[in-house]
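Report on the structure given below.
The values are calculated or read from the model by the stated rules, or taken from the named source; none is laboratory data. In this text the structure is predicted, and so the values were computed from the model without any measurement. Using ideal geometry, Cβ is built from the backbone for each residue, glycine included, and neighbour counts are taken over all protein chains shown.
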Amino acid sequence: MNQLTLGIGTRLQHTLHGQGVIVGIKYATYIISFINVGIKEIDKADKNLEEIIPENVSEEIETNNEVEKSLLKILKMWGGINEVVPLGDKWIGGTLLLQTADKTLKPKEISIDDFFHKIVLLRDRLRVLEQNINSHKKLTEEEKVNIQQYITRCYGSLTTFNVLFKNKEQYFVGDKSGKSE
């Protein structure tokens, strides 16, 4: 195998790191995303590296939709990679105080930064759920629309927290038809 001419997307087997995919190329190295150990930079001449060639597979051209699905799978696998969403300046360093009606009980204090982080995680997980529904092969279009309506209502319920976001383009947006629930 001529390891010096492999391209991005090539599947590889490394004797130490296991299976991986080339995600970047430098002059003398490949940047490889390994399933078990994450991203590593490996010398192109590394003798522990071997291309995985699927047997009995006819060569097919991948459509944009298939590429998108592949990318979504990779992003889900490496789910710790999220968009950086800034907290509104006036809230930085603030706290959220939850006080019960019974004043003899101690209130719960939470950093607004931590609270905001949890809201952003919830938003990201709703987006992934949306993508999973929209790309689901067994759901009918009508079923997808019905489930999508519930997600839209969840976004609508979360619009209260938009006050915490620094940028309006990152706000929660619910049903835009003007109907109330």
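Per-structure values
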{"quantity": "Check on Glu66, at pLDDT below 80, exposed (fewer than 14 other Cβ atoms within 10 Å of the Cβ), over 29 Å from Phe161 (Cβ atoms) and out of contact with any Pro (no Cβ under 6 Å at 6 or more places or on another chain)", "calculated": "yes"}
{"quantity": "Selected residue (criterion: surrounded by the most Cβ atoms within 10 Å (Cβ to Cβ)) from residues of region 158-181 that are at pLDDT below 90 and assigned to a helix (DSSP H, G or I)", "calculated": "Gln170"}
{"quantity": "Residue within region 28-42 that is basic (Lys, Arg), touching a Leu at 6+ places or on another chain (Cβ under 8 Å) and modelled with pLDDT of 85 or more present", "calculated": "no"}
